[in-house]
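Take a look at the structure set out below.
The values are calculated or read from the model by the stated rules, or taken from the named source; none is laboratory data. A quick note: this is a predicted structure, and the numbers were derived from the prediction, not measured. When we count neighbours, we look across all protein chains shown, and the Cβ atoms used for this are built from the backbone with ideal geometry, even at glycine. The accessibility values were calculated without ligands, DNA or RNA, using every heavy atom of the protein model including side chains. Shrake-Rupley method; radii C 1.70, N 1.55, O 1.52, S 1.80 Å.
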Amino acid sequence: MKRFFFVFMLCVGMLAANAQVAEKTFAELKNAGNAAVAAKDFPKALELYEQALAKWGNKPIADTSMIYNMGYLAFTSKNYEKSLKYFDQSINMNYKKVNALVYKADTYKALKNDPETLKSLEEALAIAPDDAKVKTKLAAYFVKTATGFYTKGSSIITKVNNEITAGKLKTTDPVYKAAEQKAKDEYNKALPLIDKALGFDPSNKTANQLKTAIEAALKG
């Protein structure tokens with residue numbers, strides 16, 4: 001009988017403890033999330049903020065900064081689906097809209113979704129045309145795209161040059177001439193993208209180096 005009473009009281013205690021957890025308020029859960037952020041436990045912080053939101057229910061969300069921070073926490077935790085979700089909410093709430101769009105672009109970049117990366121950056125630029133951070137990221141985007149074309153062109157010309165070195169081709173051969181033109185076609189695709197990059201960030205070192213290399217290759 002004593003054993004049964006002990007087990008019964010233990011169960012009651014556990015139920016009471018669970019009830020106390022369930023009864024935490026929005027503010028308590030948010031504060032716990034803040035503490036997790038301070039401890040740099042970002043996944044836990046996101047979990048606690050989401051619990052706070054669940055506690056908030058269907059009422060309009062007034063805490064815009066928390067939503068934005070949830071996007072950041074999701075991004076740093078590489079939870080990209082939630083990152084997009086909360087940054088979109090922050091954008092719709094018009095809170096730190098440019099920063100949210102930049103992080104959204106970074107999220108798409110991590111997901112290797114170039115079209116959406118560019119779209120997000122262009123939306124940010126439309127809002128803040130003089131924002132240096134947005135311009136820098138746009139320049140980096142176009143440098144990356146241009147580098148792909150430059151690399152492809154260089155690979156084509158390197159391959160036929162190796163065949164010349166091996167005595168398999170001459171520069172007067174039609175095969176060489178065709179390869180040379182293909183390489184130039186790739187360089188010509190890269191050049192306007194480099195110019196775009198330099199339009200956003202004239203001091204971009206990689207863009208300047210690429211432009212010099214491409215112009216030299218086209219002359220050669």
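Quick notes
- Between the Cα long axis of helix 26-38 and the first principal axis of the chain there is an angle of about 50°, rounded to the nearest 10.
- In the chain, the longest principal axis of the Cα atoms and the axis of helix 174-200 are about 50 degrees apart.
- Residue of T117, T151, T107 that the Gaussian network model of the chain assigns the largest fluctuation, springs spanning Cα pairs under 10 Å: T151
- Against the main long axis of the alpha-carbon atoms of the chain, helix 132-165 sits at an angle near 40°.
- The stretch 144-220, accessible area per residue, ligands and nucleic acids excluded (1.4 Å, Å²): 62 Å²
- Overall form of the stretch 35-118: oblate. Here a/c, set by the Cα gyration tensor axes a ≥ b ≥ c, is 1.5 or more, and a/b is not larger than b/c.
- Largest first, the extents of the alpha carbon coordinates of the stretch 81-186 on the three principal axes equal 65, 29, 16 Å.
- Spherically averaged projected area of the stretch 87-137 from its Cα convex hull (nm²): 3.1 nm²
- Cβ-defined net charge surrounding F26, 11 Å radius [Lys, Arg +1; Asp, Glu -1]: +2
- Rounded percent of accessible protein surface that carbon and sulfur make up, the stretch 98-169, 1.4 Å probe: 55 percent
- Calculated on the Cα set of the chain, radius of gyration then Dmax: 28.0, 103 Å.
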